[in-house]
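Since the structure comes first, as structure tokens, the remarks are kept for the end.
The values are calculated or read from the model by the stated rules, or taken from the named source; none is laboratory data. Everything numeric here is computed off the predicted structure, so don't read it as measured data. Cβ coordinates were reconstructed from backbone atoms using ideal geometry, including for glycine residues, and neighbour counts include every protein chain displayed. Each accessible area value is taken on the protein alone, full model and side chains, heavy atoms only, with ligands, DNA and RNA left out. Shrake-Rupley method; radii C 1.70, N 1.55, O 1.52, S 1.80 Å.
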Amino acid sequence: MTTDLRWRNYLLRRGNDATGMWRALFGERERNVLYALGLGFDERMCLGLEALLGAGGAGKRDIRLLTFEEGPESASQALAPSRATNETRLQDIVTRAGCGFEQRSIKLVSDDGRRIGGRSIAREFAGQTEFHAYTDVVVDISALPRGLYFPLLAKLLSVFDQPSNDGIVRNLHVVVAHSPVLDASIRDEGIDENATFLHGFSAAEFEREATREQPRVWLPVIGRGQRVQLDRILALVAPDEICPVLPSPAQNPREVDDLVLEYRDLLFDQLRVEPRNIIYASEYNPFEVYRQIVRSVRHYKSALTPLSGCKAVVSAMSSKLSSLGALLAAYELRSGSGDDHVDVGVAHVESQGYTLDRPGDVPPATLYDLWLAGECYAE
Amino acid sequence: MRDLRNPFRLQAAEHIESDTDFLKLFGPGVLDLLPDNAPFARPQFIRSAPGGGKTSLLKLFTPSVLQTLVALRTYPEYKELFQRLRQLGAIDEHSIRVIGVMLPCGRTFPALADLGLPSPRARRLLMALLDARIMLGALRSALSARRLRYPEDLARVRVEGPEDAAQLPGLAMPCDGLAARAWAEAIEQSICDVIDSLAAPEGTGPAGHDSLLMLRVLDRPGLRVDGEPPGSRWLVLLDDVQKLTLDQRVTLRETLVEQRSRTTVWIAERLEALSQDELLASGALAGRDYGDVINLEEAWRRTPKRFESAISTIAERRARMAADVATGDAVGSFAALIDGTLDSPERVERIVEALKMVSDRVRGVATQDPKYIEWVRAREEVDGSPREKLVAWRTLEILIERHRRKSQQSFDFALGREELEDRDDSGVKAAAELFLAKEFRFPYYFGPSRLASLGSFNVEQYLRLAGDLFEESLAWSLLFPRQSRSLSPERQQEILDGAYDARVKDLPRRAKNGRDVLNFLDAVGTFCRDVTYQPNAPYAPGVNGVAISMQERKTLLDADALKGNASYARFAQMLATAFAHNLLHAELDKSVKNQRWMILYLNRLVCLKYTLPPHFGGFRERPLRDLVAWMERGYRTSKSEMLAL
């Protein structure tokens, strides 16, 4: 089994460094950019787009707006005014900057009431031909729910990993306006009864009857207010080993203590998690979360080889930035071939909507750009 | 990794790792709900809200569990279960007769439906995947039943095809277990690849087939170990069927009916799997054409004493397990941990104070209205403990209030003792007890019997509550090792009071339409409290349900009517969610005042929150439009007639 990491060397820029990087990139030559973002209530929705357009440069700037309806009973309906404000703001930006604009609607629920958002959004980006007109594809996940951006990014990574059929190397960026305080103030409401494995990872493979004896290692990236989700994912995964991933360092220096207090009965009384199993990873660096998870899973797989290896489950229940680390880890482990392949499921619980309990004083969000594929990794 | 410190926290059967632990914790009472006559001869639909005990029941019939039970049959704690299963024909003295193949349906099958394949193709893949998994399960179970190892002993298994022409596509039969396993794994793998692929699914994966061919193989019996069938009957146990899509469930039922297989299939599903119509019909529609339906909560409701006995057995087993692993002088009995009486000496002073207050009040009424003098004298002669006397006086206060309301225009004849005895029934006494608890803050919800009623006929709900009490007892013994671990009624009530907030309050987060359900429960709870706590206790011991007419219930089942009335549609959805989560329980076709009614009883945790009696039978009829308004706008309490408590 390899010890190498796909993103051992990575490109992560934050705040002014991110805009500085775009300025430099767009200053090199004409670049055609496709910017995909979700229409949501989150006040961070347009921050990334504004910053990117502010970086100037020549070439097309096309916007792909992904809309999704959570249904008339969704708690998010109460946030419709914020969503409308975001939409108006976006239209204003598009008009001012003269961007191309296309809207695609993502069906979240099938006619018989099943969650199909993951498959729907992956279908919206069928293959490489979608991107032939562009040099750079930017996905802004600031206003997209996890159940959508995980499958979307898995699909895009798989598309970008295939040899380009026109010989052009394209760049894939992910943008997120990071604010742990805001992330923590958004609460799921109407949480589904059952957790599921997200499309785009080893969902069915993980559930095979033939391999049901393999030990299961669960790595939940834990955030606040996720007790119901943890219980439901626990019921789905039935893990043999649990390695909680906690944020340290974090914006709140006592974040780990607070999380341990919040989940002590579940983690330590009920599940008897060994304290040495806890993984610490920086709240500010998704690549560290990714690295820690990949290494841990590989270690388990190697140690459990006499028991025919193991399966791993990753659950992202924390900030968007940390969640991206979990996504990258799951993608890399799943994409490996031979000994490097691990069946990794991403276990997730959907909800009917969200409520926002915004504190009065929220530190400004910080923009992050993760350059995941393209020129900077080309050999 | 598992915690045996508080075994009440081990709730789901699938989380109990060892078969011995599972058997140690299994309460045999649930077996009484199975039909006595040949329970393995017909398909069974086993339904309940989450935590009703479906998976535990199914798991009991898996070979490794039954083998373990046969091995442990001489130990006293397993004897009852052994005998019961022997009577049912699942085992005999030394071996197992029914070979269970348990298949959780939440895995992969629902994702198959999301591929968007044409219906015939989706059906073929569903059947192929079911067959592959039944084959893998049957191979494991067959070896386990013969105490052989999987997969090492697969070569000793021989699989023969069904007698008719239908063969499993891609598997040349007869073959050995190794070939059968390889076939099943390949089918499963190819279907999983289709599901997990990020590319379009059309045209990929196996062809599949149209019926459950494995049932025919098992019928023959075509699966033998060392030339012999591993048992006398196969039992396919499909768990979590609610996780299949509606189309998949219909396909499965139709296939089972069409095939009329000798191999019996048991289907366990949560109530949430039922359609809104089925839920509003309380499970009366679906399943009746396909086999027997056992709704666990319904079945327990019909025999509440059995439920109390069954769960007290479960509780005792769990407490004993904790005592087995604990060091020191752990108490091995749950009943001994929860004090069930208020008659202890330390409470006498408070009771005597209350007795004085209540008896003075009643004497004051009799002084102003001498026709009650004889009733008061009768009470003064009552013998018993201070608490019994207190209840008797409070009962009299209610009876006087009732009489005063009815007799305002009658003559002032003195009332005799016979009249008092005629009116002094158990319902009024129970109401008096409730009123006293409310007025003097005496504990009401405590002791084994009330705790059982708070379980609302759901094993998990009961275990959670019992677990909270047991946890307190553990903490108490840690802090004060020399003191009694028995929890006082007051402490029990305090702990249980927190249960509503912990289990129900976050419903909007946990369930669709959760906010509507919570609003409605709050409205009904407040309404029932208003009606219950009237000075004359008109519906003694109290009310904990509301009823709508069966005619109005029809409106909720009429799709066209619901299309034209968004509020009613929302109400119907809310009811379905509340039934599925066991927060409301419906009793259909109850005859009152020449009309037929559907009664909606509150879950007993909601009764706890509003200090309502746990008894069944107390309800008030309301028009549907009122209930819809309660859900939408809440219920406004009327204080005019309530006791000032």
Rounded D (µm²/s) - region A:86-179, Kirkwood Rh over Cα pairs, Stokes-Einstein at 37 °C, 0.692 mPa s: 218
Please work out whether region B:391-531 counts as rounded, prolate or oblate from its C-alpha gyration tensor, where a ≥ b ≥ c are the square roots of the eigenvalues and a/c under 1.5 means rounded, while otherwise a/b larger than b/c means prolate and anything else oblate? oblate
Filter on A:Lys107/B:Lys505; B:Lys554/B:Lys593; B:Lys429/B:Lys505; B:Lys59/B:Lys79; B:Lys505/B:Lys609 - keep pairs with C-alpha separation over 21 Å: A:Lys107/B:Lys505; B:Lys429/B:Lys505
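Using a 1.4 Å probe and counting only protein heavy atoms, arrange A:Leu333, B:Leu588 so the residue with the most accessible area comes first.
B:Leu588, A:Leu333
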Cα-centre dipole for chain A with unit charges at Cβ (Lys and Arg positive, Asp and Glu negative), debye to 20: 540
What is the sum of charges, Lys and Arg at +1 and Asp and Glu at -1, for the other residues whose Cβ falls under 10 Å from the Cβ of A:Val33? +1
Short version: which residues of region A:266-282 lose at least 30 Å² of accessible area, all chains versus chain alone, 1.4 Å probe? A:Asp269, A:Gln270, A:Leu271, A:Arg272
Only bridges with both residues in the protein assembly as shown count here: give the DSSP antiparallel percent, nearest 5. 40
Please report, to two decimal places, log10 I(q)/I(0) for chain B at q = 0.10 Å⁻¹ as given by the Debye formula with identical point scatterers on the Cα atoms and no solvent. -1.01
Roughly how much of A:Tyr149 is accessible, in Å² to the nearest 10, using a 1.4 Å probe? 0
What are the residues of region B:508-525 that lose 50 Å² or more of accessible area, with a 1.4 Å probe, going from their chain alone to all protein chains? B:Arg509, B:Arg510, B:Lys512
Hey, what angle do you get for helix B:459-479 against the long axis of chain B, alpha-carbon based, 0 to 90 degrees rounded to 10? 70
Identify, among B:Tyr462, B:Gln492, B:Ala511, the residue whose Cα sits farthest towards the positive end of the charge dipole of region B:429-529, taking +1 on the Cβ of Lys and Arg and -1 on the Cβ of Asp and Glu, with the dipole about the Cα centre. B:Ala511
Assuming a ≥ b ≥ c are the square roots of the Cα gyration tensor eigenvalues, decide whether region A:1-80 counts as rounded (a/c under 1.5), prolate (otherwise, with a/b larger than b/c) or oblate. oblate
Considering chain A as a Gaussian network with a 10 Å cut-off on Cα pairs, which listed residue, A:Asp357, A:Asp111, A:Asp92, attains the greatest mean-square fluctuation? A:Asp111
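Probe radius 1.4 Å, ligands and nucleic acids ignored: give me the carbon and sulfur share of the accessible area of the protein assembly as shown as a rounded percent. Write down the numbers at each step before the final one.
On the way: 19990 of 41300 Å².
Carbon and sulfur atoms account for 48 percent of the accessible area of the protein assembly as shown.
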Normalised by the number of residues in chain A, what is the relative contact order in percent for Cα pairs under 8 Å and 6+ residues apart? 24
Just for chain B, what percent of DSSP beta bridges are antiparallel, to the closest 5? 45
If one computes P(r) from the Cα atoms of chain A, what percent of pairs lie at distances over 30 Å? 37
Semi-axes of the equivalent ellipsoid for region A:133-184, Cα gyration tensor, largest first, Å: 27, 12, 7
Per residue, accessible area of the protein assembly as shown with a 1.4 Å probe, heavy atoms of protein chains only, in Å², comes to 40
For the Cα atoms of chain B, what angle does the longest principal axis make with the long axis of helix B:426-440, in degrees from 0 to 90, nearest 10? 80
Given bins 5 angstrom wide, list per bin the percent of all Cα-Cα distances in region B:422-504, short to long. 3, 13, 20, 21, 17, 14, 7, 3, 2, 0, 0
Let's test this: bin the Cα-Cα distances of the protein assembly as shown at 20 Å from zero up to the farthest pair and state each bin's percent. 12, 38, 35, 13, 2, 0
Where only alpha carbons of region A:157-293 are counted, the Rg and the Dmax (Å): 17.7, 57
For region B:205-275, what Kirkwood radius comes out of the mean inverse Cα-Cα distance, in Å? 13.8
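When the helices in chain B are scored as -39500 (n - 2.57) per DSSP H run of 4 or longer and the sum is shared across all residues, what 222 nm value do you end up with, to the nearest 500 deg cm²/dmol?
So the helix-based figure for chain B works out to -15500 deg cm²/dmol.
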Calculate how many DSSP beta bridges within region B:541-636 are antiparallel, expressed in % of all such bridges and rounded to the nearest 5. 85
Area hidden from solvent between A and B (accessible, protein heavy atoms only, 1.4 Å, total, Å²): 4000
By the C-alpha gyration tensor axes a ≥ b ≥ c (rounded if a/c is under 1.5, else prolate when a/b exceeds b/c, else oblate), the shape of region B:526-609 is prolate
How high is the relative contact order of chain B, in percent, with contacts defined as C-alpha pairs under 8 Å that are six or more residues apart? 15
Once each part is reduced to its C-alpha centroid, what is the distance from region B:44-71 to region A:183-233 in angstrom? 25
Charges only on Cβ, +1 for Lys and Arg, -1 for Asp and Glu: so what's the dipole of the protein assembly as shown about the Cα centre, in debye to the nearest 20? 860
Per-residue Cβ counts within 10 Å, from other chains only, averaged over A:186-198: what number is that? 5
Over region A:107-255, what is the relative contact order in whole percent, taking alpha-carbon pairs under 8 Å and six or more residues apart? 21
Quickly estimate the mean residue ellipticity at 222 nm for chain A, helices only: each DSSP H run with n ≥ 4 gives -39500 (n - 2.57), and the total goes over all residues, rounded to 500. -10500 deg cm²/dmol
Go through B:Lys406, A:Lys107 and list them by solvent-accessible area, largest first, probe radius 1.4 Å. B:Lys406, A:Lys107
If one compares the long axis through the Cα atoms of helix B:119-145 with the longest principal axis of the Cα atoms of chain B, the angle in degrees, nearest 10, works out at 90
Those residues of region B:175-189 for which accessible area with every protein chain present is at least 20 Å² below the isolated value (1.4 Å probe): B:Glu185, B:Glu188, B:Gln189
